[in-house]
2 protein chains.
Amino acid sequence: MNPQHPDVDQISLSNVLAALGDPTRLAIVAELARKGDGPVSCSHFLMFTSKTNLSYHLAKLREAGVTRTEVSGTSRFTTLRRADLDQRFPDLLASVITGASTADESEAQTT
Amino acid sequence: MNPQHPDVDQISLSNVLAALGDPTRLAIVAELARKGDGPVSCSHFLMFTSKTNLSYHLAKLREAGVTRTEVSGTSRFTTLRRADLDQRFPDLLASVITGASTADESEAQTT
C-alpha cells in the first residue's frame, strides 16, 4: 500500500516551507532536481543521513506535499511534485533549488 | 541596545525557510510587504498572535535574517530585509509573499 499524500489544493505554504527548512531535506530536494525530479530510490538519499533519520525526513517532505513516495516490491521511490508545487506556488520551488545549489548549505552532512 | 542580526552572507536558506514555515510568521512577513517592507511597530502584529508568542515569532524571523528589529525609545520596529534576501536567494521572498497572499493561509489567527 502506498503512503498518503495531500491533494494539490491541500498543500499549505507554511507546511512546504517548514518541510524545506532543514539542510538534509533541502539536500534531498536539490538531489531530486539534479536527477530530473525522480523517481529516485529512497536508499539513494542515505548519502545525506542515517536510515532512521531518512525515513523521518522523507515523511516530512511527503506529508507537506513536496514529494511523492511510491512502493514497488521491497523498494520505495521518491518523486519531486514539481508540477503540483508550481501550480500552487509559482517560482517557489525553482528559487529554493537555485538557493540550495548556490548557497553554502554544506551543513547537510552533519544532521 | 539593538538585538543581534546575521550579516547578509551568514543568512542560511534552511534557516530562512524554517522561519517562514509557520502561518503566523508568514502573516507577519506578508503584512510587512503590504506596508511597504516597514519599519512597522512590532505591536502592530498583535493582530496575529498574543504578546508572548509575538516576541518568539519576531525573534525567529530576526535570527534567520528575514527581518531587522530596531529599538527606538520604548518601541520596537521591524523591517523586512528584502534587499539582503533578494541578494542571497533571488525570487524566493517574492514567491513566498505571493503564495502567502493568494493561498489559504488563514490558519494564522489560530496559532
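Taken together, the values in this text are just the output of simple stated rules run on the coordinates, not laboratory data. Just so it is clear, the structure is predicted and the values come from calculations on it, not from any experiment. As a convention, Cβ positions derive from the backbone with ideal geometry for all residues, glycine included, and neighbour counts pool all protein chains shown.
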Please pull out the direction-averaged projected area of chain B, using the convex hull of its alpha-carbon atoms, in nm² to one decimal place. 6.5
What's the average, rounded to a whole number, of partner chain beta-carbon atoms within 10 Å of each residue's beta-carbon in B:88-101? 5
Distance histogram in 10 Å bins (all Cα pairs of region B:1-49, percent per bin): 21, 46, 32, 0
Pseudo-label separations to other copies for B:L46 - Cα-to-Cβ vector, 7 Å, nm: 5.5
Pseudo-spin-label distance B:E63 to A:D86, built 7 Å along Cα→Cβ, given in nm, is 3.7
For chain B, modelled as a GNM with alpha-carbon contacts under 10 angstrom, which of B:S14, B:S55, B:S43 fluctuates the most? B:S14
Run through the other copies and list how far each one's label point is from that of B:R34, in nm with one decimal, shortest first; the point sits 7 Å from Cα along Cα-Cβ. 4.0
Given R₀ = 22 Å, what would the calculated FRET efficiency be for A:S50 paired with A:F77, taking r from the Cβ atoms and rounding to 0.05? 0.65
Run the quick spin-label model on A:S43 and B:T102: label points 7 Å from Cα toward the beta carbon, then report their separation in nm to one decimal. 4.1
